[in-house]
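Reading through the structure tokens given below for one structure.
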Amino acid sequence: MTTETLLLNELVAATTRRRTFAIISHPDAGKTTLTEKLLLYSGLIRTAGMVRGRKGGKTTASDWMGMEQERGISITASAMQFPYKDAVVNLLDTPGHQDFSEDTYRTLTAADSAIMVIDAAKGVETQTRKLFAVCRMRRIPVLTLINKMDLPGRPPLDLMTEVEQALNIHASPINWPIGSGSDFVGIVTRADNQVQLFSKTMHGGASKVETDILPLANLGSHRRIEQDTMAQVHHDLELLEIAGNPFAREPFLQGEVTPVFFASALTNFGIESFLDAFVNLAPSPGMRLADGDDGSELLVHPTNVPFSAYVFKLQANMNPKHRDSTAFLRICSGRFERDMVVRHHRLGKDIRLARPHSLVAQERSTVEEAYPGDIIGIVNPGVFAIGDTVSVTGGFNFKPLPQFQPEIFARLRPTDVGKRKAFDKGLTQMAQEGTVQIMRSYHDQDTLIAAVGRLQFDVLQYRLRHEYRVETVLDALPFSCSAWLNGDPSTFKSPSASMLVKDQRDRIVVLFGDQLMKSIARDRNPDHTLLDMG
Ligand code: G4P
């Protein structure tokens, strides 16, 4: 075999093994616990509990450091990579806070699939709903894990109906719970009617769970199963046979069906079979849509096209010891090698991808090679913006990342006018990262900021204070939507509760108090066009 064939075989094998995914959930549904169990069942940690650190605490940098030292885990500030059985998983980090954040949405564009974790007592919650909507928009296949089955929860059939109705997707249960709350003892796999019965572990889920496997037909004679539980399981399974959605992989990959699993991440009940099903069902990196330089659309194949990637996230000042900004790239095709020279499409010039790294806690480690689906961090000497494409061949740009309409607006100024320079620098950096959008008022050039959620303002003020030493005053403005204005601004008849501003590219934007004001403005100004931002 030639070296070229060998390299291609290696690329195909590495790509096929990759599973790049994100966990979408409402805070507290169990994302951290599930992540920890992935590490436990991958054999990378021997005892769960390390990730969560001290009781009640979330993952800390030193926990990650410790785990990385154990072996085989590589963590960027954006993704964590480790082997799970035959697969190599890249778990993207989606911050789990309550607020709406563009960053999370952009991160989802880098995922090939998502795991949706739902709390069995709470059902589909707001954050899950929003994140799911993005997966739907991007046609990202979603697996559903109904978690916390060891606690009193809602009936499984109700939960199935809720998933279908709230998210408008077909839900197809792959397994079904036997009992619930403290009586949750096992699951039935519907495809082969095999039962897994679990025994409680000594340390409440810190180590792998012991499992007995038996045919469903033998379950009735099992001493641990109550008659009522048996009857309920048979009743539910029969109903599902008649009314449920059969599972097929193709509609799942198209985002039309979500396979549903029941489990308890805390006690490990049902977790291993879920994770196994996940690596079986979830797709490896596929083709990505791009715009060719000649205006045509094309699909970039992960293994037929030499290295290409796009920037989905920028983050400045991640490490106080190195004051710089890191661009996170998702590899879409080909093999990446350290120091390779690639075409930066937007700038139209060649750049060297020097110092690629993964960041483990505060320490950097250099990446020598990477494959489609992997995330690399490149120290960004001001050349990268969100959405930039780089490749060996040039000639195309990956589709632009989704932008979201800002819904909140504020005037922002430094408390100390002497800090204006640092203020401008910090704000520009934060706008480049996509934390906020900067606008200027049309008449007096005041600095305005716009974002999708309040949290982004808090993050902005916090980072200006800590990274740029600038205290700021923020005055909220009474607007909730906006539109670009096409036409002469001097003849535009503004409704009350509106304001004219300019965005960063000097386009004129009108801010409105509410949607009603926006439609009144449209009616009153037939010679102008109001284009929705986004
Ligand atoms: P998140 O990352 O999605 O925010 O959720 P996380 O995993 O931190 O879980 C939130 C809480 O729910 C944690 O409890 C966790 O132990 C618990 N939990 C997660 N999965 C299960 C489950 O399957 N069953 C039960 N009973 N509980 C579960 P906590 O009290 O906030 O933290 P801790 O004191 O346990 O560390």
Candidates Arg463, Arg420, Arg440, Arg454, filtered to the one that is in the same structural domain as Asp514 (by TED's automatic domain parsing), among the charged types (D, E, K, R) and surrounded by 18 or more Cβ atoms within 10 Å (Cβ to Cβ): Arg463
Output for the stretch 110-134, where each listed residue is surrounded by 23 or more Cβ atoms within 10 Å (Cβ to Cβ) and part of a helix (DSSP H, G or I): Thr128, Leu131, Phe132
Residue in the stretch 199-215 that is without any contact (Cβ under 8 Å) to a residue 12 or more places away in the chain, in a loop (DSSP other than H, G, I, E, B) and either more than 16 Å from the ligand (Cβ to nearest atom) or of a type in the set (A, V, I, L, M) (or both) present: yes
Scope the stretch 147-166; condition touching a strand residue (DSSP E or B) at 6+ places or on another chain (Cβ under 7 Å), part of a loop (DSSP other than H, G, I, E, B) and away from the ligand (no atom under 14 Å from the Cβ); matching residues: Arg154
Given (1) more than 16 Å from the ligand (Cβ to nearest atom); (2) of a type outside the set (Ser, Thr, Tyr); (3) in contact (Cβ under 8 Å) with a residue 40 or more places away in the chain; (4) not in a helix (DSSP H, G or I), number of the condition Leu299 does not satisfy: (3)
Any hit, the stretch 242-264, residues being surrounded by fewer than 24 Cβ atoms within 10 Å (Cβ to Cβ), within 16 Å of the ligand (Cβ to nearest atom), assigned to a loop (DSSP other than H, G, I, E, B) and over 19 Å from the mean Cα position of the chain (by Cα): no
Filtered residues of the stretch 265-278 (kept if crowded, with 18+ Cβ neighbours inside 10 Å and more than 16 Å from the ligand (Cβ to nearest atom)): Phe278
Near pairs, Cβ below 7 angstrom, 6+ apart or cross-chain, from the stretch 493-507 (closer than 19 Å to Arg524 by Cα) to any residue that is among the acidic types (Asp, Glu) and outside any strand (DSSP E or B): none
Subset of the stretch 1-37 (residues that are small (Gly, Ala, Ser), assigned to a strand (DSSP E or B) and either surrounded by fewer than 21 Cβ atoms within 10 Å (Cβ to Cβ) or more than 8 Å from the ligand (Cβ to nearest atom) (or both)): Ala22
Contacts under 9 angstrom Cβ, first residue in the stretch 1-14 being under 13 Å from Thr303 (Cα atoms), partner modelled with pLDDT under 85, 6 or more apart: Asn9/Met1
Filter result for Leu44 (away from the ligand (no atom under 14 Å from the Cβ), more than 26 Å from Thr161 (Cα to Cα) and at pLDDT 90 or above): no
Identity of the residue in the stretch 105-128, charged (D, E, K, R) and more than 15 Å from the ligand (Cβ to nearest atom), that ends up farthest from Asp374 (Cα to Cα): Arg106
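The values are calculated or read from the model by the stated rules, or taken from the named source; none is laboratory data. In this text, all values refer to a predicted model and were calculated from it rather than measured experimentally. Backbone-built Cβ (ideal geometry, glycine too); neighbour counts: all protein chains shown.
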